[in-house]
Amino acid sequence: VAIVGYTNAGKSTFMNWITKTKQETNNSEFTTSSPKTAAINYPLYDKSGTFLSFEKMTFTDTVGFIYDIPHILIDSFLSTLEEIKYTDCILLMIDISERKSFEEQIIVSGKLASLGRFAAGIAHEINNPLASIRLDVERLGKQAVLAKDSQNILNTIGRISRIVNNLLKYARGQDAVLKLNCIDSIISSSLELVREKFITEGKQIITDFKCSNVQVYSDFGQLQQVFLNLALNACDAISNQGILKVETFCRNNNVVIKFTDNGCGIPKKDLAKLFDPFFTTKASGTGLGLSISHTIIKNK
Ligand SMILES: Nc1ncnc2c1ncn2[C@@H]1O[C@H](COP(=O)(O)OP(=O)(O)O)[C@@H](O)[C@H]1O
Ligand SMILES: [Mg+2]
């Protein structure tokens with residue numbers, strides 16, 4: 001917290017909120033254009049107290065703003081000392097970066113919670129008609145001439161059923177079932193699911209597994225879903241003849257799993273939003289792949 005006071009003697013005094021020292025600057029460094037706003041050449045210090053530069057900053061008592069130093073958000077309140085002169089004021093600055101990041105977390109978890117309810121609702125609605133279709137098809141399949149067709153339909157129903165149940169599991173935030181799995185085999189099984197898609201689109205997957213036979217405690221199905229999402233995103237990001245490279249290697253007793261593609265890349269401004277549910281830059285994207293993957297990895 002910093003309090004800036006502007007004195008009658010033409011000096012502004014303030015407690016620097018980082019260095020916690022009292023400072024004085026002369027008149028020219030602090031001006032007010034109206035009772036509600038003030039500009040100041042504010043000396044910026046880094047956390048260790050080293051002087052960085054003077055920054056011209058404008059404050060109002062109604063609008064919070066983003067401080068020019070990364071990671072520090074400031075809320076400022078300006079009140080004028082009416083009884084003296086309109087140019088005299090007290091400026092209160094509060095570091096609100098923690099509060100902001102907490103607010104963002106709440107928004108994300110709120111979105112996830114409503115997404116969960118939405119998914120559970122849909123999955124439930126689909127499961128019932130699916131069960132009745134299954135019964136009908138099983139009955140039809142008893143006629144020899146329809147046996148083969150009905151088996152095909154039953155296989156497809158089985159597939160839809162699995163997808164819906166996965167959705168339900170996700171909605172319920174199913175706990176991971178951790179077992180010792182060979183990391184290569186989880187990755188390979190995920191890549192197997194997208195191999196055909198890559199080939200048809202003229203794209204390539206290269207693997208370089210340096211942790212062969214290393215086993216890690218993991219939920220096979222959940223990790224498979226994570227790798228599948230990464231591979232699908234890579235496939236979307238690369239053009240014809242693009243390459244997805246998947247590597248594993250050991251570092252400090254950990255296994256590092258690296259997915260690299262030579263596609264369009266991710267603009268810096270999007271990085272902070274990547275794991276938000278529904279964040280997508282694709283016309284037909286859902287924006288759920290990375291959000292689900294993030295939840296899975298965090299729950300470990
Ligand atoms: N490998 C990648 N290359 C470029 N952008 C990516 C990559 N992976 C993810 N993204 C970006 O992140 C966004 C969110 O990804 P995701 O959560 O999987 O949702 P979706 O794929 O449905 O858009 C994508 O829309 C895209 O902008
Ligand atoms: Mg995706």
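Bear in mind these aren't lab numbers, they're just calculated from the coordinates by the rules spelled out. Worth saying up front: this structure is predicted, and the values here are computed from it rather than measured. Note that each Cβ is placed from the backbone with ideal geometry, even for glycine, and that neighbours are counted across all protein chains shown.
Numerical summary
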| read-out | value |
| --- | --- |
| For a label point 7 Å along the Cα-to-beta-carbon line of residue 206, residues of the range 230-247 with backbone N under 14 Å | 241-247 |
| Likely footprinting exposure, 134, 159, fewest C-beta neighbours within 10 Å first | 159, 134 |
| Under Karplus coefficients 6.51, -1.76 and 1.60, residue-wise ³J(HN,Hα) of the range 189-197 in Hz, glycine/proline x | 5, 5, 5, 4, 5, 10, 4, 4, 4 |
| Ranked 135, 290, criterion: other C-beta atoms within 10 Å, fewest first | 135, 290 |
| Cross-link pairs 203/282; 210/268; 179/273 - those with Cα-Cα distance over 21 Å | 210/268; 179/273 |
| Separation of the residue 122 and residue 274 label points, Cα + 7 Å toward Cβ, nm | 2.4 |
| Ranked 293, 185, 284, criterion: other C-beta atoms within 10 Å, fewest first | 284, 185, 293 |
| Cut-off 14 Å between beta-carbons: net charge of the residues surrounding residue 212, Lys and Arg +1, Asp and Glu -1 | -2 |
| Rough spin-label spacing in nm, given labels placed 7 Å along Cα→Cβ, for residue 240 and residue 165 | 4.1 |
| Net +/- balance of residues flanking residue 239 in space, Cβ distance below 14 Å, scoring K and R +1, D and E -1 | -2 |
| Beta bridges by DSSP in the range 137-278, antiparallel share as percent, to the nearest 5 | 65 |
